[in-house]
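Next up is a structure, given as structure tokens.
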Amino acid sequence: MTHLTLLDQAVFVLAAVVLFTCFALLTQARLVATLRTFAWQGGLVAAVTALMAAAHREPHLYVTAALTLVLKAGVIPWMLHRWVRRLGLDRHVESLASPPAVTLAGVGLVIFCYWVVLPIERMELTATRNVIAVSLAVVVLGLLMMVTRRQAVSQVVGFMAMENGLFLAAVTATSGMPLVVELGVAFDILVAAVLFGVFFLQIRDAIDSLDVDRLNRLAEGMEQE
Amino acid sequence: MDHLLSVWAWSLAVLQALLVLAAAPLLVGWVRRVKARLQNRKGPPLTQPYRELAKLLTKEALVAHTASPVFRAAPYIVFGATWIATATLPSLATGLPSAAVADVVVLAGFLALARFFLALAGLDVGTAFGGMGSSREMMISALAEPAMLTAVFTITMTAHTTNLSGVMEQLLGAPLALRPSILFALGALALVAIAETGRIPIDNPATHLELTMIHEAMILEYSGRHLALMEWAAQLKLLLYGTLIANVFFPWGVATVLKPSALAFAALALAGKLAVLGVLLALAETTLAKMRLFRAPLFLNLAFLLALLGMFSHVILEVGA
Amino acid sequence: MTDPALVLALGAVVVALAASSLAVSTCAWAERVGRLYFLLLGLTGVLAVAAGMGALTGGGTVATAQLPLGLPWLPWRVRLDALSGFFLVLIGIVTVAVALFGPGYVREFSRSRDPLWLLGGLTGLFLTGMLLVVLADDAFLFMVAWELMSVSSYFLVVFQHEHAANRRAAFLYLLMAHVGGLSILLGYGVLAAFGHGFTFEAMRAGELQPVWSSVAFGLAFLGFGTKAGLVPLHAWLPEAHPAAPSHVSALMSGVMLKVAVYGFIRFTFDLLGDARLGWGVTVLLVGSVSALMGVLYALMQHDLKRLLAYHSVENVGIIFIGLGLSLVFLSAGLTVAGVVALIAALYHTLNHALFKSLLFFGAGAVLHATHERDIDRMGGLLRRMPWTGLFFLVGCISISALPPFNGFVSEWLTFQAALQAWSLKSGVLRSLLPITAAMLAVTGALAAACFVKVYGVAFLGQARSRHVRRAREVSLGMRAGQALLAALCLLLGVLPTTVVGLLNPVSQLLLGQGLDPVTTESWLWLTPVPAEGASYGAPLVLLSLAVLWWGGRWLLARGPRAAVRRCDAWDCGFSPPNARMQYTATSFAQPIRRVFGPLFRIDERVETEGGRQRHFLHVEDRAWDLLYAPVARLVERSASRVVRLQTGQVRTYLAWSLATLLVLLWIIS
């Protein structure tokens, strides 16, 4: 641990906090608070990127960091928040069946991810390659969030969290992807967020709710026709 | 471990024990004072807790007809166990023989012993409030225990020892490193400390509102010297958790050699750290609202999750590197 | 046969048999016979302790002998080494305590129609079986003794057979004991096949293929785990143990479960040899789950003896956590940590024998004095039965793992072993072990909650029923039995280094290494790992607690100030509380029931009948509907298939016989 520079150590600390925000997302009951946590996560990922840029003298990562900060901590949460307000879900509280059980499942997944990633970490990549396990855990926890949530907006947040995890892995393990790719991905995410917004409206118009469990009734409805 | 049997070291240990005993009410007085100022009140003087203890110690002790000998023995055991726990904690210096008597697991054992008798005393008279307090206290402690031990284990995994004195020496000796595990452990331990010392948002030390109290419900039937001992034990417990957090996570200032100058500096440093922690506690208590009882498990789950994440970040991030 | 310790051990077996035959031969139980009988039991215990101590202090000597019994080509072999010695001590101590406690307790039965001679005879046989199990040196004698133990304890469970619940419990017990026994037999079969012989000597020498050694381990774990009451196979235990008379419950929970632990240790550590990581992890996980579920279910009980039986599940879980840790460390080649874990498990085995027997005696004394097993109907017993109350308190503190009593030492050692996790290479294990430690921590805290409940509701407060109000202190002998165990609980808590010194030969025998006392003042500090790592100064803890106690009283409550004024309870100024306003065991456990709700099957409702409302609460063990019921359904379904063979026509049956004969002939040809 101590042979790393302080900057690298700071990357570890922030990565661990990102993991914590994932758990916060998993168990957060209030929709608005979920969005706020998601914005924090985006900010943390941006901070990790900036730190990596400083630690490894990769100027193009600064651009990536700034882009991430603007998009993931600013624009996307703000857009989602606007959709939520427009759909009248500000005070929506989604109760999980058993938060401790979800948390435990998450803990198990973290251990599993670590176990899976072990062989990769033996490869000599950057000094901060240990973060790969955390990144994979962020991806898997995002997916777990999509599994446990019934609310379409929370599911979108889960999806975006997955993307955060992938991004974290790319930045910390290989000092980032080429700038063009990153710009493309960022743009994709933005477009996805817009599309999701449109979908929300469509779903709500169709079934008068954003509860994805009720989407299966569409199929039943068609059979009846 | 021959040095553990020297007279000088032992007398220092006794001195430290007496010092924490004397300092415990002061910390409570400080927290109350800061809280009062935050709420735009003038607040009682810092010495108010001492006066209360002195008053209670001279008063007659009343005991209910239905009370058994356990009721009268409990204050001594609760006070004794808490005091030993606080005294064995390295507050001023590492390497004192008292620290070898009890490592951190034994420390938790002492607190559990005190809690056991406190809860029994609550049930003894046979009132509904006492039983309610005991029942709640035992539930909260059962949930706090794993969080506390996991947090402590996270630190001991780094230091390879459960001896707190050793942990501090290790942390003092190592070059500065940002460890996510320690950060999480700090968070977990802070939450546990709040729950275990009966502060807002789990319990309110200032309330006698019947249905919300936990700690106060258990000691409702006590008076005179018995109540004084129980109150003093609670104050010691607050000091214990304060010192634990202050000295394990911010060990700078703790004396590693048993010289008077170093010890005096350590005392000052500890006082400073505790004063800051006291302000933070008062701030938290002023800004947070007390939770419903059945929200407390969520609070403690959060503590446990933090502790676990600390463990994972130690294993995944720190060891692998 | 020259080894004196072995002679003593066999003497204990003979005396136990003599006691048994004495009881059976009289048929009519007289006070005088009873006294002689319990004297013989006490002698058995003393002999067993002496033999065991001889083996433990004998510097690692192993004594073997051949008995002139058994089959012609397979004589019974006995062997006394440190491991058997340790378990002999354990059996012996509890037997002595039973001999002290028993006479007063069975007097109760002499007034009823229950045949006391039978109880005495069966108890003797039960004891003989357990002694022989730990002495056996070949699989044949082991299994015979094992079955003797199982069957005689079945009859002890069914002793009070007027109650249908007891008969049901006993049947379930017999069934599970036989499933377990069968599994053990198969396990030995695997070993015997590779070792070419039924003696343990041959089995030790046998070289097993990896797959088969795992199969043998699995069978043994299943068999011994069933007997020891590991979750999810535990469901018989809380039914069976409380059904027996209390001193027998003490023997069953305190000793018989330990014999199963003995069997597991003998099989895995001694006969099977090289530990595997997978075994360790399995044992560790099953142990953790048992510990947690055991204590959670115990919290939901309000029948005192059932509650104690569930705590046995918990404590066996803790023992297996220790054993699992030991296996994990050994498989990773970390012998020192493995030794710490094994010693912790053995220490806890001894501790549990002491405090669980003590608590069962306490429950027996309460039952004797009040005829009540339901805690919710007790209260205020401490003032009516001060001695029993004091000893029971000691038991409660010990089992809750609080310093300075013995339960704490073994739990501390287990924590220390788990904290050696940093030395493991695998990161997954490094994060798994602390989680186990956290489960152990929550178990300990819940156990404390449970015993606050038991003691607070049963012994403190006010009496909740008429029987309890009339309770009187039990006889001297019953108190003496409890006092002996309570004193040992304290002693083992205060002098851990001495006890670890006694346990060292066992670890020497099994792992070739013991814990060495690293400090000069080793009696003062217990330091299992390097001294800077962790230490526990138990004598100093007791000393400082005592000094503070006396000092505090001397300072604060001296002379005229010692007096206190008695008054009504304050209770926030409400009307004086009566007995019905107190918290009951059920209400005490309510918050925990709610928090851990998903782990139980709770049936809670308010029934209204005739304008009166009645609260109905039933908490059922999940093991029933998750494991037992499906298995039972499966058996029933397959049985109904098989039943089709039964046509009622003799010639059909003969046809089946013919077919079987032909197939068999074909196979052997």
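The values are calculated or read from the model by the stated rules, or taken from the named source; none is laboratory data. From a predicted model like this one, the values you see are computed outputs, not experimental measurements. Note: ideal-geometry Cβ built from the backbone for every residue, glycine included; neighbour counts use all protein chains shown. What goes into the accessible areas is simple: the full protein's heavy atoms, side chains included, and nothing from ligands, DNA or RNA. Shrake-Rupley method; radii C 1.70, N 1.55, O 1.52, S 1.80 Å.
Pull out all pairs, ordered by first then second residue, where Cβ-Cβ is under 6 Å, the residues are six or more apart or on different chains, the first lies in region C:283-296 and is more than 13 Å from C:Cys450 (Cβ to Cβ), and the second is open to solvent by less than 10 Å² (accessible area, probe 1.4 Å) and not in a helix (DSSP H, G or I).
C:Val286/C:Leu230; C:Ser290/C:Leu230
A further question on this structure: Could you list, in sequence order, all residues of region B:125-139 that are open to solvent by 10 Å² or more (accessible area, probe 1.4 Å) and more than 8 Å from chain C (Cβ to nearest Cβ)?
Matches in region B:125-139: B:Glu137 only.
Is it true that A:Leu104 is over 15 Å from the mean Cα position of the chain (by Cα), at pLDDT 85 or above and within 11 Å of chain B (Cβ to nearest Cβ)?
Taking the combined requirement at face value, the residue satisfies it.
Which condition breaks for A:Ala55 when tested against (1) within 12 Å of another protein chain (Cβ to nearest Cβ); (2) over 14 Å from A:Ser135 (Cα atoms); (3) over 16 Å from the mean Cα position of the chain (by Cα); (4) crowded, with 19+ Cβ neighbours inside 10 Å?
That leaves (1) as the condition not met.
Step by step: first the residues of region C:391-408, then only those that are within 9 Å of chain B (Cβ to nearest Cβ) and part of a helix (DSSP H, G or I), then the one that is farthest from C:Ala445 (Cα to Cα). Which residue is that?
The selected residue is C:Leu393.
Take the conditions within 30 Å of B:Ser141 (Cα to Cα) and outside any helix (DSSP H, G or I) and apply them to C:Gln420. Does it pass?
Working: within 30 Å of B:Ser141 (Cα to Cα): yes; outside any helix (DSSP H, G or I): no.
Here the answer is no, as C:Gln420 does not meet what is asked.
State the number of residues belonging to region B:275-299 that are open to solvent by 20 Å² or more (accessible area, probe 1.4 Å) and either in a helix (DSSP H, G or I) or at pLDDT 95 or above (or both).
Summing the residues that are open to solvent by 20 Å² or more (accessible area, probe 1.4 Å) and either in a helix (DSSP H, G or I) or at pLDDT 95 or above (or both) in region B:275-299 gives 15.
The rows are residues; the columns are (1) of a type in the set (A, V, I, L, M, F, W, C); (2) touching a Lys or Arg at 6+ places or on another chain (Cβ under 6 Å).
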position	(1), (2)
C:Thr388	no, no
C:Leu402	yes, no
C:Ala463	yes, yes
C:Gly477	no, no
C:Gln482	no, no
C:Gly493	no, no
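Residues A:Glu121, A:Glu182: which one is modelled with pLDDT under 70, touching a helix residue (DSSP H, G or I) at 6+ places or on another chain (Cβ under 8 Å), part of a helix (DSSP H, G or I) and open to solvent by less than 70 Å² (accessible area, probe 1.4 Å)?
The unique qualifying residue is A:Glu121.
Per-residue answers, yes or no, for (1) over 25 Å from the mean Cα position of the chain (by Cα); (2) within 20 Å of C:Ala353 (Cβ to Cβ); (3) open to solvent by less than 40 Å² (accessible area, probe 1.4 Å):
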{"position": "C:Ala9", "(1), (2), (3)": "no, yes, yes"}
{"position": "C:Ser20", "(1), (2), (3)": "no, no, yes"}
{"position": "C:Thr26", "(1), (2), (3)": "yes, no, no"}
{"position": "C:Met53", "(1), (2), (3)": "no, yes, no"}
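Let's see how each residue does on (1) crowded, with 24+ Cβ neighbours inside 10 Å; (2) modelled with pLDDT of 90 or more; (3) within 14 Å of chain A (Cβ to nearest Cβ):
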position	(1), (2), (3)
B:Val167	yes, no, no
B:Ala177	no, no, yes
B:Ala190	no, yes, no
B:Thr197	no, yes, no
B:Glu210	no, no, no
B:Ala228	no, yes, no
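Here are some residues: B:Leu302, B:Leu238, B:Leu309. Which one is closer than 30 Å to B:Lys59 by Cβ and assigned to a helix (DSSP H, G or I)?
On the way: B:Leu302 fails: closer than 30 Å to B:Lys59 by Cβ; B:Leu309 fails: closer than 30 Å to B:Lys59 by Cβ.
The unique qualifying residue is B:Leu238.
Another question about this same structure. Would region C:313-333 turn up any residue that is in a helix (DSSP H, G or I), touching a Lys or Arg at 6+ places or on another chain (Cβ under 6 Å) and open to solvent by 10 Å² or more (accessible area, probe 1.4 Å)?
Yes: one or more hits.
Sticking with this one: B:Leu56: more than 7 Å from chain C (Cβ to nearest Cβ), closer than 25 Å to C:Arg464 by Cα and either open to solvent by 10 Å² or more (accessible area, probe 1.4 Å) or among the aromatic types (Phe, Trp, Tyr) (or both), yes or no? It would help to see each step written out before you state the result.
Values: more than 7 Å from chain C (Cβ to nearest Cβ): yes; closer than 25 Å to C:Arg464 by Cα: no; either open to solvent by 10 Å² or more (accessible area, probe 1.4 Å) or among the aromatic types (Phe, Trp, Tyr) (or both): yes.
No.
Here is a yes/no grid of residues against (1) over 20 Å from the mean Cα position of the chain (by Cα); (2) more than 30 Å from C:Arg32 (Cβ to Cβ); (3) open to solvent by less than 50 Å² (accessible area, probe 1.4 Å):
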{"site": "C:Val78", "(1), (2), (3)": "yes, yes, yes"}
{"site": "C:Pro103", "(1), (2), (3)": "yes, no, yes"}
{"site": "C:Thr123", "(1), (2), (3)": "no, no, yes"}
{"site": "C:Val134", "(1), (2), (3)": "no, yes, yes"}
{"site": "C:Phe155", "(1), (2), (3)": "no, no, no"}
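A follow-up question, please. I'd like to verify a number: residues in region B:74-95 that are open to solvent by less than 10 Å² (accessible area, probe 1.4 Å) and outside any helix (DSSP H, G or I), how many?
Residues meeting the conditions: 5.
Taking the options A:Arg30, A:Arg91, name whichever one is in contact with a strand residue (DSSP E or B) (Cβ under 6 Å, 6 or more places away or on another chain) and under 28 Å from B:Phe299 (Cβ atoms).
A:Arg30
Here's a check for you: in region C:420-431, which residue that is open to solvent by 10 Å² or more (accessible area, probe 1.4 Å) and at the interface with another protein chain (Cβ under 7 Å from one of its Cβ atoms) is farthest from C:Phe329 (Cα to Cα)?
This residue is C:Val428.
Continuing with the same structure: Given the conditions (1) hydrophobic (A, V, I, L, M, F, W, C); (2) under 19 Å from the mean Cα position of the chain (by Cα); (3) open to solvent by 10 Å² or more (accessible area, probe 1.4 Å), and given that B:Ala233 satisfies all but one, which numbered condition is not satisfied?
Checking B:Ala233 against (1) hydrophobic (A, V, I, L, M, F, W, C); (2) under 19 Å from the mean Cα position of the chain (by Cα); (3) open to solvent by 10 Å² or more (accessible area, probe 1.4 Å), the one that fails is (3).
Let me ask something else about it. Which of (1) within 30 Å of C:Phe596 (Cα to Cα); (2) open to solvent by 10 Å² or more (accessible area, probe 1.4 Å); (3) in a helix (DSSP H, G or I) is the odd one out, the single condition B:Ala217 does not satisfy?
Among (1) within 30 Å of C:Phe596 (Cα to Cα); (2) open to solvent by 10 Å² or more (accessible area, probe 1.4 Å); (3) in a helix (DSSP H, G or I), B:Ala217 violates only (2).
Moving to a separate point now. Residues that are more than 13 Å from chain B (Cβ to nearest Cβ): list the strands (runs of 3 or more DSSP E) wholly contained in region C:551-625 that include at least 2 such residues.
C:601-609, C:612-620
Condition first: hydroxyl-bearing (Ser, Thr, Tyr) and either assigned to a helix (DSSP H, G or I) or without any contact (Cβ under 8 Å) to a residue 60 or more places away in the chain (or both). Now tell me which residues in region B:241-269 satisfy that.
If the condition is that a residue be hydroxyl-bearing (Ser, Thr, Tyr) and either assigned to a helix (DSSP H, G or I) or without any contact (Cβ under 8 Å) to a residue 60 or more places away in the chain (or both), then B:Tyr241, B:Thr243, B:Ser261 are the ones that fit.
Provide a single number: the residues in region C:409-419 that are at the interface with chain B (Cβ under 7 Å from one of its Cβ atoms) and under 22 Å from the mean Cα position of the chain (by Cα).
Number satisfying all stated conditions: 2.
Follow-up question, since we're still on this one. Checking B:Ala121 against (1) open to solvent by less than 10 Å² (accessible area, probe 1.4 Å); (2) within 8 Å of chain C (Cβ to nearest Cβ); (3) over 16 Å from the mean Cα position of the chain (by Cα), which single condition isn't satisfied?
Of the numbered conditions (1) open to solvent by less than 10 Å² (accessible area, probe 1.4 Å); (2) within 8 Å of chain C (Cβ to nearest Cβ); (3) over 16 Å from the mean Cα position of the chain (by Cα), the odd one out for B:Ala121 is (2).
Condition test on C:Gly461, is it within 14 Å of chain B (Cβ to nearest Cβ), in a loop (DSSP other than H, G, I, E, B) and open to solvent by less than 20 Å² (accessible area, probe 1.4 Å)? If you could, list the steps in order and put the result at the bottom.
Working: within 14 Å of chain B (Cβ to nearest Cβ): yes; in a loop (DSSP other than H, G, I, E, B): yes; open to solvent by less than 20 Å² (accessible area, probe 1.4 Å): yes.
Yes.
Additional query: What number of residues within region B:34-52 are surrounded by 18 or more Cβ atoms within 10 Å (Cβ to Cβ) and within 26 Å of B:Gly224 (Cβ to Cβ)?
Going through region B:34-52, the residues surrounded by 18 or more Cβ atoms within 10 Å (Cβ to Cβ) turn out to be B:34-35, B:49, B:52.
Filter once more, so that each one left must be within 26 Å of B:Gly224 (Cβ to Cβ): B:49, B:52.
Final tally of qualifying residues: 2.
Report yes if some residue within region B:84-97 is within 30 Å of B:Ala9 (Cβ to Cβ) and within 7 Å of another protein chain (Cβ to nearest Cβ); otherwise report no.
Within region B:84-97, one or more residues are within 30 Å of B:Ala9 (Cβ to Cβ) and within 7 Å of another protein chain (Cβ to nearest Cβ).
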